[in-house]
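*Asks:* Questions regarding the structure given below will be posed in turn.
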Amino acid sequence: MLKQPVRHLIDPEDLSIEELDALIKLAQKIVHSPREYADACKGKILATLFYEPSTRTRFSFESAMLRLGGNVLGFGNANVSSVAKGESIADTIRTVSAYADIAVMRHPKEGAPKLASQYSLIPVINGGDGGHQHPTQTLTDLLTIQTFKNSIRDNTIAFCGDLKFGRTVHSLIRTLARYGIQKFILISPEELTLPDSLKRMLNQTYSLQLEEVRTIEEAVEEIDILYMTRIQRERFFNEAEYAKFKNAYLLDLEKIKNAKEDMIIMHPLPRVNEISYEVDQDPRAVYFEQARLGVYIRMALILKLLGVECAC
Ligand code: NCD
């Protein structure tokens with residue numbers, strides 16, 4: 001039998017819409033019967049190579065592999081690995097390929113996980129590369145939308161916050177455009193709008209409308225999904241620049257008083273100063289549920305990339 005080529009997930013576009021839909025379906029099956037998958041990855045090892053801070057992405061991947069009966073190894077701080085001695089990404093991943101069956105990498109430099117995939121013998125998953133892409137957050141977001149809105153296509157989605165540096169937005173908006181969503185509302189300070197190159201690509205490739213506004217209140221009545229984001233402090237040149245925007249948006253109950261009753265509020269987390277704690281009690285706030293669902297879609301992704309056919 002021919003050996004299948006190794007598949008990586010570097011960019012959400014590495015997966016077709018059919019594959020995305022299949023992953024969402026599989027994740028939903030796992031949500032309903034997790035026990036059936038408890039041994040699906042027995043004997044397999046996931047490596048987490050995190051060169052940037054993370055709570056949800058790293059822990060949800062580890063939790064996903066452990067819930068599949070596999071094991072995990074890795075680092076959450078590259079300073080404790082040979083990276084601190086100057087080892088290249090190419091050599092690190094070649095070595096990790098011998099110790100694990102699948103790897104997730106987060107890196108402050110755009111393109112680092114892609115480079116790793118070119119030297120890797122095992123599937124490499126991009127766990128976020130600089131301000132570029134975050135494909136597994138996109139998978140999490142799609143599962144959340146499907147779960148709470150029953151459909152991905154028929155929604156008006158607003159992205160609010162740091163649309164310039166926010167990689168979760170960059171990955172999700174392109175994917176939703178592929179799903180055929182026709183209207184996006186972009187809420188950001190003028191200095192933190194979606195990059196022009198991305199806007200141009202979206203406008204040229206898809207038939208959609210990008211409406212830019214500066215406040216949540218201006219658009220709140222027509223929004224089905226409000227996707228809040230953190231101002232990406234670590235991507236600013238200096239602290240003074242960041243300080244100008246750090247309190248740009250604080251979502252509170254007053255701001256959503258005219259919102260639809262079935263609107264959902266999402267946030268990839270961590271939140272810093274974008275959503276008041278009073279909003280957490282509102283039934284429309286789904287961000288912690290979103291973080292929970294991240295485990296199941298990552299379980300589905302691991303099964304797919306490892307080619308595990310389970311009788312589950
Ligand atoms: C996001 C990230 O790392 O890009 N977090 C996450 O993975 N859930 C969002 C952020 O850091 O603002």
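The values are calculated or read from the model by the stated rules, or taken from the named source; none is laboratory data. Computed from a prediction, not measured in an experiment: that's the story for all the values here. Cβ: placed from backbone, ideal geometry, glycine included. Neighbour counts: every protein chain shown. These area figures cover heavy atoms from the full protein model, side chains too; ligands, DNA and RNA do not enter into them. Shrake-Rupley method; radii C 1.70, N 1.55, O 1.52, S 1.80 Å.
*Asks:* Is one or more of the residues making up the stretch 279-286 more than 24 Å from Gly180 (Cα to Cα), open to solvent by 50 Å² or more (accessible area, probe 1.4 Å) and out of contact with any Ser or Thr (no Cβ under 9 Å at 6 or more places or on another chain)?
*Replies:* yes
*Asks:* Can you name every residue in the stretch 211-238 that is crowded, with 17+ Cβ neighbours inside 10 Å, more than 18 Å from the chain's Cα centre (by Cα) and either of a type in the set (A, V, I, L, M) or more than 16 Å from the ligand (Cβ to nearest atom) (or both)? Spell out the reasoning first.
*Replies:* Restricting attention to the stretch 211-238, the residues satisfying the condition of being crowded, with 17+ Cβ neighbours inside 10 Å are 216, 219-220, 223-232, 236.
From the residues that got through so far, the ones that are more than 18 Å from the chain's Cα centre (by Cα) too are 216, 219-220, 223-224, 236.
Result: Ile216, Ala219, Val220, Ile223, Asp224.
*Asks:* Output the residue which, of all residues in the stretch 74-86 that are open to solvent by less than 70 Å² (accessible area, probe 1.4 Å) and not aromatic (Phe, Trp, Tyr), is modelled with the lowest pLDDT.
*Replies:* In the first step, residues of the stretch 74-86 are kept if they are open to solvent by less than 70 Å² (accessible area, probe 1.4 Å); the result is 74-76, 78, 81-84, 86.
Still in the running and not aromatic (Phe, Trp, Tyr): 74, 76, 78, 81-84, 86.
On the way: Gly74: 95, Gly76: 92, Ala78: 87, Ser81: 84, Ser82: 85, Val83: 84, Ala84: 81, Gly86: 88.
Result: Ala84.
*Asks:* If you don't mind, there's one more thing I want to ask. Might you let me know whether the stretch 260-268 holds any residue that is farther than 26 Å from Thr156 by Cα and part of a loop (DSSP other than H, G, I, E, B)?
*Replies:* no
*Asks:* Which is open to solvent by 30 Å² or more (accessible area, probe 1.4 Å) and of a type outside the set (Asp, Glu), of Pro113, Pro53? If you could, list the steps in order and put the result at the bottom.
*Replies:* Details: Pro113 fails: open to solvent by 30 Å² or more (accessible area, probe 1.4 Å).
So the residue among Pro113, Pro53 that is open to solvent by 30 Å² or more (accessible area, probe 1.4 Å) and of a type outside the set (Asp, Glu) is Pro53.
*Asks:* Could you list all residues from the stretch 131-183 that are of a type in the set (Ser, Thr, Tyr), under 17 Å from Pro268 (Cβ atoms) and open to solvent by 10 Å² or more (accessible area, probe 1.4 Å)? Break it down into steps so the answer makes sense when it comes.
*Replies:* From the stretch 131-183, those of a type in the set (Ser, Thr, Tyr) are 136, 138, 140, 144, 147, 151, 156, 168, 171, 175, 179; that's our starting set.
Of the ones still in play, those that are also under 17 Å from Pro268 (Cβ atoms) are 136, 138, 140, 144, 147, 168, 171, 175.
Correct list: Thr147, Thr168.
*Asks:* Which of (1) within 16 Å of the ligand (Cβ to nearest atom); (2) open to solvent by less than 10 Å² (accessible area, probe 1.4 Å); (3) assigned by TED's automatic domain parsing to the domain that holds Phe50; (4) not hydrophobic (A, V, I, L, M, F, W, C) is the odd one out, the single condition Pro108 does not satisfy?
*Replies:* Of everything listed in (1) within 16 Å of the ligand (Cβ to nearest atom); (2) open to solvent by less than 10 Å² (accessible area, probe 1.4 Å); (3) assigned by TED's automatic domain parsing to the domain that holds Phe50; (4) not hydrophobic (A, V, I, L, M, F, W, C), Pro108 misses just condition (2).
*Asks:* Report, by residue number, each residue of the stretch 145-162 that is in contact with a Leu (Cβ under 8 Å, 6 or more places away or on another chain) and away from the ligand (no atom under 12 Å from the Cβ). Don't jump to the end; show me each part of the working.
*Replies:* Just the residues of the stretch 145-162 that are in contact with a Leu (Cβ under 8 Å, 6 or more places away or on another chain), to begin with: 147, 152, 157-162.
Within the stretch 145-162, Thr147, Ile152, Ile157, Ala158, Phe159, Cys160 meet the criteria.
*Asks:* Inside the stretch 83-115, can you point out the residues that are touching a strand residue (DSSP E or B) at 6+ places or on another chain (Cβ under 7 Å) and in contact (Cβ under 8 Å) with a residue 60 or more places away in the chain?
*Replies:* Within the stretch 83-115, Asp101, Ile102, Ala112, Pro113 qualify.
*Asks:* Return the pair list, or none, for Cβ contacts closer than 7 Å from residues in the stretch 56-82 that are in the same structural domain as Ala40 (by TED's automatic domain parsing) and among the small types (Gly, Ala, Ser) to residues that are surrounded by fewer than 16 Cβ atoms within 10 Å (Cβ to Cβ) and assigned to a loop (DSSP other than H, G, I, E, B), at least 6 apart or on different chains.
*Replies:* Gly69/Ala38; Gly69/Asp39; Gly69/Lys42; Gly70/Lys42
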